[in-house]
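The structure under discussion appears below in the form of structure tokens.
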Amino acid sequence: MAKKNTQRKRTLIRSDVKTPADTYESIRDLEARLKAEGQPVIPDADGAGVVLERDTIRVAEKAFQWRRPQRNMVPRHDVIYDMAKALRDGRKLPPIVVFPVGDAFYVMDGHHRLSAYDTANKAEVPAKVFTGTLEEAERYALRSNSRDKIPMGRADKLEAAWRLVRQGKKRDSIASIANDANIAESTVSNMRAALRKLRQLEVPEEDILEMSWNRARLRAQGTEDQAELEDWREAEAQKLIDDIVRAKLGGRLTKNPDITAIALAKLHDGLPQALMAEWTEPAEAPYDADDQTPDYDF
């Protein structure tokens, strides 16, 4: 009598979570590839469902990921982990949405789902193929991010709006950018003013494209020292995040905020109050469309 195979699948743990490699291609890079390679043969129906081999799927976060990197890492990993377990249990996930370029398919919507497929070691991924233009695909990705299980934070929305402002598309108005990024029109107006100021200062376009909104705002105000300080603070904060991740404390810090608050207060009596002061955002200045005064007070 043949012996039954009783080997069980290894249980997934949170440290098994995988994130796909990034190609670091931008929208400009994809535009160039489209001109050189064109789009592959795809189903006739718009958004037709297909099953793609994993090695044909690519990630280009500069093009289609509107969230800032290295942010919300704990909740993102929790979502990926839960979806990977569902796949291991035989359940299905909604198809990812991809944009075809040459012989590859770039993820527009479903970065977390793709991570779940990788974590669950799946070789095939259900997808829908987007057949609109590259510009339409970019905006679709922004709107999809805003509807995701992990809402875009204010900083993500600001960076998204700043990206749209820098693109300078003719069809984009203050109102449309504010609507797409879900921020105040006054903020978009200030971003446009900052962009004009940077160009007046003859800051190279390549440098502007690499600037975060916070750095661009400070540079336009002429506060170079403050901009450098912000860069240093960001770098130091990332080091602290890396230490927390290595110590596997991220989940414990977010699981029970009340316990975390007590722990931080025990570390230093004034730390919770200091954190609250840092997190308090100044009120947005109202934007008057009829005001002819240059809006350089960002």
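At a threshold of 8 angstrom on Cα-Cα distance, excluding pairs fewer than six apart, so keeping six or more, what relative contact order does segment 153-222 reach in percent?
Across segment 153-222, relative contact order equals 33 percent.
From the Cα gyration tensor of segment 224-276, with a ≥ b ≥ c the square roots of its eigenvalues, which class applies: rounded if a/c is under 1.5, or else prolate if a/b is larger than b/c, or else oblate?
Details: a/c = 3.09, a/b = 1.50, b/c = 2.05.
It is oblate, given that a/c is not under 1.5 and a/b is not larger than b/c.
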Dividing the alpha-carbon radius of gyration of segment 119-263 by 2.2 N^0.38 Å, where N counts its residues, gives 1.31
Honestly segment 71-130 on the Cα gyration tensor test (a ≥ b ≥ c root eigenvalues; a/c under 1.5 rounded, otherwise a/b vs b/c for prolate or oblate) is just oblate
Counting all Cα-Cα pairs in segment 153-222, those more than 13 Å apart amount in percent to 60 percent
Rounded to whole angstrom, the alpha-carbon centroid of segment 79-113 lies from that of segment 219-251 at a distance of 31 Å
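We did not get these values from a lab; they are worked out from the coordinates using the rules stated. Values in this document were obtained by computation on a predicted structure and should not be read as measured data.
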